[in-house]
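Derivation of every value follows stated rules applied to the coordinates shown; laboratory data play no part. As the structure is a computational prediction, the values presented were derived from the model and not from experiment. Cβ sites come from the backbone with ideal geometry, for glycine too, and all protein chains shown count toward neighbours.
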Amino acid sequence: MISPRSRRRSVARVVLFALTTFGLATSSLAGEEKKKKEEKKPDAAVDAFFDAAPTQKPSTMDALQKAADDVAYKEKKGLAPKASTVEDEAKIQFFSVFAAEKIVIDKKLGCQPAGRDKKKLTFFTFDEVPAEGVPFSACVTMQSRAGRAMAMSVAIVDPRNARVVKAEDVVDFAGRTQRLDHVLDFPAPIFKIAGPYQYLVEMDGKEVVRLPLFDVKVEQASE
């Protein structure tokens, strides 16, 4: 028969064995976790050997493209009007020109030839050149959105580009968006050669248009 004292010693041995086994298992698991963490941790010496990846900076082309996109956005919003748009608004359109001994401006019909014949001067006929013509007027029809006054200089040029007669005036486009008829008077020209003559217009010192005005013809008298 087992005595109570011997029974207590046996129980104590079993408990001690269980605690020892649990401690060894726990220690083994902790060791494995520590080993896994050390395997995952990067080697400091290896990292120090290589330089850090450089930070990528935007290229010059990217910067230029961004600037262009910003300008395009501002223009689209109307904050920076294009230069071409401003030039187009100030451009002058010329529709027609004609000469006559006298010209009047009708409120509805615009420029109309007057004088005795009430005809346009489309040509001059002489027996020979040089020859002297007659005083005449010329009416040019134009349009512009410039919205300001502009200095106008006109010359009649011959086939050799020589200026035969000229005249100057100021044309005010302020408040005018419709077609405008403008009349200038010229003295009698001296035609040195035959051929087509043109109406040359300069605005603010710059040539803007040349329009055909009339022809000078030479016809030999028949005997």
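Structure above, values below:
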item	result
Residues GLN220 and VAL183, FRET efficiency given R0 of 35 Å [Cβ-Cβ distance, rounded to 0.05]	0.50
Links that overshoot a 28 Å alpha carbon limit, given the list LYS107/LYS192; LYS91/LYS119; LYS119/LYS217; LYS120/LYS192; LYS108/LYS192; LYS102/LYS166	LYS107/LYS192; LYS91/LYS119; LYS108/LYS192
Amide H contacts under 5 Å for LEU121, placed H, 5+ residues apart	ALA99, ALA100, GLU101
Where labels lie 7 Å past Cα in the beta-carbon direction, separation of PHE94 and ALA151 in nm	1.9
The range 105-175: GluC sites (Glu not before Pro) falling in loop per DSSP and having at most 13 other Cβ within 10 Å	GLU128
Lys, Arg +1 and Asp, Glu -1 on Cβ, resulting dipole of the range 90-215 about Cα centre, debye, nearest 20	560
Extended-chain gain in nm, criterion 0.36 nm per residue less alpha-carbon gap, ASP117 and ARG163	13.8 nm
